[in-house]
């Protein structure tokens with residue numbers, strides 16, 4: 001490179017200074033994420049709690065593994081399922097982790113003969129399934145950065161390049177603003193805590209909110225990316241001797257919108273039925289009883305979760321599935 | 001070529017690093033030419049890394065332009081009539097890829113035709129316009145055709161090829177002819193200061209704001225206005241962010257590109273807005289469409305403006321809503337040429353302009369006609385401002401998402417205030433490029449970037 005020192009010093013000191021600031025900011029962000037971020041600390045705790053139930057209370061194979069976002073974590077009671085004779089584990093985690101990481105962390109725990117119940121929230125399959133910041137952070141914090149690789153391959157043992165994981169070790173805007181807001185308001189830094197988890201990994205909370213039911217906006221639609229992910233997961237399960245079924249989470253629905261939401265859900269499930277077996281659920285995910293929900297329209301109380309788990313167990317035992325034709329007919333009902 | 005992705009910077013570092021390593025083996029006498037060859041290769045490699053389709057379409061337009069021009073200029077005079085056919089050939093890929101779907105599916109109703117399912121190559125609107133201008137400038141001003149290598153670097157200078165600025169022959173070509181890899185700390189420092197601002201705009205502001213844009217909020221005028229504000233900030237910080245990084249990258253390589261934005265939301269009139277928003281595109285339409293149509297010297301000047309803005313809308317996207325967006329701004333400009341608050345009422349003009357621009361973004365982002373009509377009706381009728389609508393807004397603002405969104409709207413507002421201070425000192429973005437501010441921007445970008453893979457909006461144009 002030619003040197004033009006006549007009108008400039010040799011080293012761009014300001015750029016080097018900014019580079020140092022960048023490194024320090026990243027290092028501080030990484031330290032915060034790994035050691036102080038309350039959400040990540042709880043993620044690690046809940047995952048360990050759920051795995052511990054699986055190891056201690058379930059047989060080595062032929063287990064039912066339910067996975068999804070927090071709607072699963074709240075609404076599935078493995079202890080109740082076990083009472084009904086179904087060895088079940090609830091691997092529901094935060095929905096912010098995203099479809100890819102949630103699926104891979106489940107596949108990593110599965111063995112031939114297991115039944116995987118994919119209970120991912122429709123939102124997670126209605127848009128891009130690319131790995132989220134929280135997903136990548138969770139993968140790193142749980143010691144498996146490979147779960148956050150960007151490929152469409154659900155294989156949990158696949159590894160990608162290291163750069164995205166390194167860059168993920170930052171808090172992100174939403175987290176920083178939320179934490180600052182809570183500090184200012186002197187509220188607890190995170191709504192949930194370790195005491196909210198039962199021995200079987202099910203989550204509950206004392207928090208109650210004024211809940212608005214789902215009215216059908218935004219309408220759940222299986223995105224091309226969501227479809228590709230479900231298809232790839234089914235193919236992986238077939239190769240590994242795993243059974244995969246989809247179960248729609250139960251959502252608090254406004255009574256006046258129930259018919260509309262049932263049609264929308266039926267349409268969403270009909271699209272899914274082209275790719276994977278869909279567990280039969282006559283309610284089509286629509287619940288109008290507010291007493292079954294605690295702090296969000298996805299988080300069920302103990303009473304609600306017993307209904308949900310009971311219905312799931314019953315469908316699993318009977319082997320009942322929706323057909324695409326049935327679902328299309330329901331979606332077209334007026 | 002997404003500046004917000006680590007992959008781009010790694011590829012760029014690899015490409016430039018390799019070029020410099022090989023340079024050591026090149027004899028001094030050959031380095032002048034080597035530098036220009038290496039720059040062309042780095043640019044081509046980065047385009048290939050985007051996709052082969054992107055590279056091949058770009059290469060096709062580039063080669064047709066150059067050799068077409070060579071053929072025309074080789075025989076002075078009678079072949080000049082081929083200038084327009086050459087421009088038509090240049091525009092053909094743009095028309096097919098970008099408007100194929102609009103024409104076949106939306107106008108002809110043939111959604112199963114091949115053209116209805118084409119993927120738009122990245123940057124096609126930008127480099128096509130730059131090359132059309134090159135043809136017109138070369139032939140109209142009877143300028144000599146440059147050597148192929150310099151032309152290739154002019155046509156494919158990687159910082160600006162996929163989303164502008166749309167550079168002119170007289171601005172960029174001489175710099176390409178003189179291009180050398182030089183170590184110049186002053187250039188690098190200035191370039192890096194633009195890159196820091198650009199990445200802050202894109203990764204910290206635009207990407208965070210993008211998360212909170214709600215689709216189909218129903219007939220709630222307050223939420224629609226909130227969406228308009230979010231989109232207005234997002235698209236500005238997204239596109240200006242890209243342009244500022246491009247400017248900075250160019251400077252690091254010793255090439256000065258055109259500043260494509262100059263705080264447009266501080267404009268006091270429609271004319272001023274278009275002198276501050278996507279400056280190189282506005283100038284392109286002025287010089288290659290509006291003035292050839294007669295400009296403001298003819299009786300049909302108002303019609304000329306409407307045509308230019310309708311075409312400008314269509315350039316932004318193949319859809320009726322984009323045409324409506326362009327026409328809205330055209331009408332605004334025509335009205336403003338006869339009446340607009342000025343002088344001591346300039347603040348009213350500024351306010352009017354801001355409201356008009358916010359309204360217009362609704363026409364831009366809402367591609368579903370039925371939803372767009374619903375939104376327009378809600379915004380223009382008192383029913384949209386009902387008590388229930390206000391409650392809806394309050395509920396959203398009190399939610400976790402609402403609080404975070406308002407924080408980023410606040411940060412955006414602070415940034416715009418710093419832009420205003422910079423303008424007051426006649427230094428575009430100067431306040432944001434002060435050393436201590438740059439340190440803060442770096443920290444904010446690292447900590448607050450949401451990490452979601454948001455492509456630049458203008459890549460789709």
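Residues of the stretch B:421-444 that are touching a residue at least 12 places away in the same chain (Cβ under 8 Å) and either over 24 Å from residue A:177 (Cβ atoms) or loosely packed, with under 14 Cβ neighbours inside 10 Å (or both): B:422, B:423, B:428, B:429, B:433. Please tell me if residue B:198 is crowded, with 23+ Cβ neighbours inside 10 Å, away from every other protein chain (no Cβ under 14 Å) and touching a helix residue (DSSP H, G or I) at 6+ places or on another chain (Cβ under 6 Å). Considered against the rule, which asks whether it is crowded, with 23+ Cβ neighbours inside 10 Å, away from every other protein chain (no Cβ under 14 Å) and touching a helix residue (DSSP H, G or I) at 6+ places or on another chain (Cβ under 6 Å), residue B:198 comes out as no.
When we screen A:125, A:222, A:180 for residues that are assigned to a helix (DSSP H, G or I) and more than 14 Å from chain B (Cβ to nearest Cβ), the only hit is A:125.
Checked against (1) surrounded by 13 or more Cβ atoms within 10 Å (Cβ to Cβ); (2) touching a strand residue (DSSP E or B) at 6+ places or on another chain (Cβ under 9 Å); (3) closer than 21 Å to residue A:125 by Cα; (4) free of Cβ contacts under 8 Å to residues at least 24 places away in the same chain, residue A:237 passes all but a single condition, namely (4). When B:188, B:161 are checked against the criterion of being within 10 Å of another protein chain (Cβ to nearest Cβ), at pLDDT below 95 and either in a helix (DSSP H, G or I) or closer than 30 Å to residue B:66 by Cα (or both), B:188 stands alone in meeting it. Taking the condition over 22 Å from the mean Cα position of the chain (by Cα), assigned to a helix (DSSP H, G or I) and either over 27 Å from residue A:131 (Cα atoms) or within 14 Å of chain B (Cβ to nearest Cβ) (or both), does residue A:86 pass? Here the answer is no, as residue A:86 does not meet what is asked. Note on the stretch B:430-449: residues that are in a helix (DSSP H, G or I), under 24 Å from the mean Cα position of the chain (by Cα) and over 22 Å from residue A:172 (Cα atoms) amount to 2. The condition (being within 22 Å of residue A:297 (Cβ to Cβ), within 18 Å of the chain's Cα centre (by Cα) and in contact (Cβ under 8 Å) with a residue 40 or more places away in the chain) is satisfied by just one residue among A:153, A:128, A:123: A:123.
Pull up the stretch A:4-18, narrow it to residues that are facing another protein chain (nearest Cβ under 7 Å) and loosely packed, with under 15 Cβ neighbours inside 10 Å, then point me to the one that is modelled with the highest pLDDT.
Just the residues of the stretch A:4-18 that are facing another protein chain (nearest Cβ under 7 Å), to begin with: A:4, A:7-12, A:14-15, A:18.
Pick out the ones that are also loosely packed, with under 15 Cβ neighbours inside 10 Å and you get A:7, A:9-11.
Working: A:7: 48, A:9: 55, A:10: 72, A:11: 79.
Only one residue tops the list, namely A:11.
Give the residue that is farthest from the other protein chains (Cβ to nearest Cβ), with candidates limited to residues of the stretch B:408-461 that are modelled with pLDDT under 90 and over 20 Å from residue B:259 (Cα atoms). Result: B:460. The residue of the stretch B:175-185 that is farthest from residue B:35 (Cα to Cα), among those that are more than 8 Å from every other protein chain (Cβ to nearest Cβ) and touching a helix residue (DSSP H, G or I) at 6+ places or on another chain (Cβ under 9 Å), is B:175.
Among the residues here, residue B:154 qualifies as more than 14 Å from chain A (Cβ to nearest Cβ) and modelled with pLDDT of 95 or more. Helices (runs of 4 or more DSSP H) fully within the stretch B:1-75 that include at least 2 residues being without any contact (Cβ under 8 Å) to a residue 40 or more places away in the chain and within 30 Å of residue B:205 (Cβ to Cβ): B:6-25.
The values are calculated or read from the model by the stated rules, or taken from the named source; none is laboratory data. Since this is a predicted model, take the numbers as computed values, not measurements. Note that each Cβ is placed from the backbone with ideal geometry, even for glycine, and that neighbours are counted across all protein chains shown.
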